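FYI, it's all coordinate maths here, none of it is from the lab. Quick caveat, the model's predicted, so the values are computed rather than measured. Glycine gets a Cβ as well: all are built from the backbone with ideal geometry, and neighbour counts include every protein chain shown.
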Amino acid sequence: MRMTGAEIIIKALRDQGVEIIFGYPGGAVLPIYDALFKQNDIRHILVRQEGGAVHAAEGYARSTGKVGCVLVTSGPGATNAVTGLTDALLDSIPIVCLTGQVPTHLIGNDAFQECDTTGITRPCTKHNWLVKTPDQLARVMHEAFHIAGSGRPGPVVIDIPKDVQLAEGDYVPPSMVEHPLYQPKTVGDEKAVQRAVELIADAERPLFYTGGGVINSGRRACETLQKLVKATGYPITSTLMGLGAYPSTDGQYLGMVGMHGSYESNLSMYNCDVMINIGARFDDRVTGKLSEFSPKSKKIHVDIDASSINKTVVVDVPIIGDAGTVLDQILKEWQAKGHRPDKEALSKWWSQINQWRARKSFSYKKSDKIIKPQYALERLRDLTRGHDTYFTTEVGQHQMWAAQFLELNEPHRWMTSGGLGTMGYGLPAAIGVQLAHPKSLVIDVAGEASILMNIQEMSTAVQHQLPVKVFIINNQWMGMVRQWQELIHGGRYSQSYTAALPDFVKLAEAFGGIGMRAETPAELDGVIKEMMKTDKPTIVDVCVDQKENCYPMIPGGRAHYEMILGDDQDISTATPDEGLVLV
Amino acid sequence: MNAPSPATQRHVFSVLVNDEPGVLARVIGLFSGRGYNIESLAVAIVDAERSLSRITVVSIGTPQILEQIEAQLNRIVPVRKVVDLTRQGATVEREMALVKVNGSGASRMEALKVAEAAHAKAKDASPEAFIFEITGTAGEIDNFINLMKPLGLIETVRSGVLGLARGNKTV
């Protein structure tokens, strides 16, 4: 079937089941926008900056499990997308990003709005293509969806010169495209599974440590995880990316692990004798000081990406495969062998964990005069309980408090920039989530600094009538920067105070949304309830205690047992000299 | 106390890739982006019909880094196969160099004698200079170049190391 390159693109998107594409037009993609104009199957969401388009597609992808789609123009359109692509790469989010390119005869001439898109995005995508003839286009489009969505998911870029969009070529449907080069292994090695199950059965101080891989694998993987954790009775902790794979209100859940994780999680990591890592990658935010990371444990590591194995932490039983498939294998083997946990050892381990738990490491000094940020998150948690709620976040202290205090009992309901730590992620991500779940309550837990990085997307939310809520924990500081300046730079607050903040209530109104403010604890509940009822994009400015820091915390270069807790007074000596260079 | 870092080793990797635009940049970018060492690099099409190129790359690292290099190379979509030749077993390693030596009189004669002993061939001879071609292990070429330095060596170009597993094993 002959059609233009632009028509091939639209047909391929439709055949891949794409319903929504996020983008911003420009000279080098006008033919594709013209083809979009002539059809009604695919809805285009016009953003206000291309970076917002990628984050919105990430929010869409993470809340649905589908591939997110982006369409941007050449040059600045592509370079603006780079942060979002890198974000999606580090958090393993499937994105197909189409970029326009100058016509093939101008490539390399420094033409208007030309940049070397495939060169620039090579290190921040799973794969990318420059398509030079329309006949290759359909094949590349289908391959792109296959690569973005399978194995360890990630972003891909297809760079399409304008003349290729206009010229005619042949279309091939997805069923006619094979992918001989990319066939990730999903089933775990049976012998390794058996060894793992033996280790799990013999454990005296076991710990499940799960990550985003379980969520990426899908809802069924999360269900199998829950069955396995229940069958064993073992404790479980999660990375920031894995929150929601296991219900956070369950008694076997210890809270998040890592730099701002719970005391009981981190001490369990340090003291366990068998660690069962499923779909997590021993990120530096989790391990702390590597040479003292969980020194007494045998480690099982399930990961679909072979390069995650032994990258930072050398493990005893690596299993390469899809988290859900391998969890099925483990559960089946556990049941087939009739394993029972060692009750005596386990009860000893739990009583130890409960002692750590009694330390209540997320506790803070309450106040009835000023809103403590933790209190704001607690009230948000309690008042949204039972509602169909999705949370996104920006990056910083508020993000860690959200991870500590919110209840996440299901997968796909927690969207946060974990690996790259991208300020400005939360609002566009919330827009993507709201589009996928129009009737749900979608809340971006934000900081007043982060939100300004992509505040222009308020205009997108208003245009597309998306009632996202931006819940700003406003302390007027780049709180995490300030916290580190107190920790390792003698409290010299270099550029971490934001003078001249806008009036967020008026700002919301100027965009055509609704603005609200809470200044005292007494006002807070009323404002949250009001926010939950609005049918327009809403910004809530929660004026919180400016001095509060985020605890517990493992300072850079310290081990899990060296956590600083909220009631420790002097934090200025907590970081060892070798920790100063760490980020 | 930091644990002492394990000793580094030199390994030869063979990487079979689809001959397509950008594939070499992907491989090289991986090394520079992740801070791995490239000691030597050689690349050419080896099977035009199947559009297959073969990259031989020599790197130095700890065993953990070398394992990572192999795993990371395997993540590149157009990479069809990666083999750590050194880990796999005995290999034949060869490199070629062209060496230009300028001189006259005794040193010119001496250069010819050294070349003969090293089985290097004179590929160009002019009244002022020779170009010698030498093939051997990287170490043999280093030796030859060192010997030629006092005899008027003015320019060197090396192909990078090529390697194959000994016996009937293939990549």
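Among A:Lys66/A:Lys506; A:Lys360/A:Lys469; A:Lys372/A:Lys469; A:Lys126/B:Lys81; A:Lys11/A:Lys533, which pairs are too far apart, with a Cα-Cα distance over 28 Å? Going by Cα-Cα distance, A:Lys66/A:Lys506; A:Lys360/A:Lys469; A:Lys11/A:Lys533 fall outside the 28 Å limit. Remark: region A:294-303, residue by residue, has Karplus-estimated 3J(HN,Hα) of 5, x, 9, 9, 7, 10, 9, 10, 9, 8 Hz, where x stands for each Gly or Pro and the curve is 6.51 cos²θ - 1.76 cosθ + 1.60 at θ = phi - 60°. Considering only the Cα atoms of chain A, their convex hull presents on average a projected area of 26.5 nm². Per residue, the Cα convex hull of region A:2-176 amounts to 94 Å³.
Assuming charge only on the beta carbon of Lys and Arg (+1) and of Asp and Glu (-1), the dipole of chain A about its Cα centre is about 1020 debye to the nearest 20. Per residue of peptide A:304-317, the mean number of Cβ atoms on other chains within 10 Å of the residue Cβ is 3. Where both partners of a DSSP beta bridge lie in region A:2-176, what percent of those bridges are antiparallel, to the nearest 5? Roughly 10 percent of the beta bridges in region A:2-176 run antiparallel, per DSSP. In region B:9-88, inverting the average of 1/r over every pair of distinct C-alpha atoms gives 12.5 Å as the Kirkwood radius.
Helix content alone sets the calculated 222 nm mean residue ellipticity of the protein assembly as shown: runs of n ≥ 4 DSSP H residues at -39500 (n - 2.57) each, divided across all residues, give -11000 deg cm²/dmol. Entry for region A:1-44 at q = 0.14, 0.16, 0.17, 0.19 Å⁻¹: log10 I(q)/I(0) = -0.29, -0.38, -0.43, -0.54, Debye formula applied to identical alpha-carbon scatterers, no solvent contribution. Summary value for chain A: 14 percent relative contact order, contacts being C-alpha pairs under 8 angstrom separated by 6+ residues.
Shielding value for B:71-77 is 6, the average number of Cβ atoms from other chains within 10 Å of each residue's Cβ.
Only beta bridges with both residues in chain A are counted; by DSSP, about 5 percent of them are antiparallel. Taking the Cα centre of region A:190-357 as reference, the dipole from Cβ charges on Lys and Arg (+1) and Asp and Glu (-1) amounts to some 160 debye. Farthest towards the positive end of the charge dipole of region A:373-543, among the residues A:Pro411, A:Gln397, A:Ala500, is the Cα of A:Pro411, using unit charges on the Cβ of Lys, Arg, Asp and Glu. Here the Debye sum runs over all C-alpha atoms of region B:65-171 as equal scatterers in vacuum, and log10 of I(q)/I(0) at q = 0.21 Å⁻¹ comes out as -1.00.
Computed from the Kirkwood radius of its Cα pairs, the Stokes-Einstein diffusion coefficient for region A:460-565 at 20 °C and 1.002 mPa s stands at 134 µm²/s. Here the 3J(HN,Hα) profile of region A:329-345, calculated from phi with Karplus coefficients 6.51, -1.76 and 1.60 at θ = phi - 60°, is 4, 5, 4, 4, 5, 4, 6, 4, 7, x, 5, 10, x, 6, 4, 5, 4 Hz, Gly and Pro shown as x.
With K and R counted +1 and D and E -1, the other residues having a Cβ less than 11 Å from that of A:Ser496 yield a net charge of +1.
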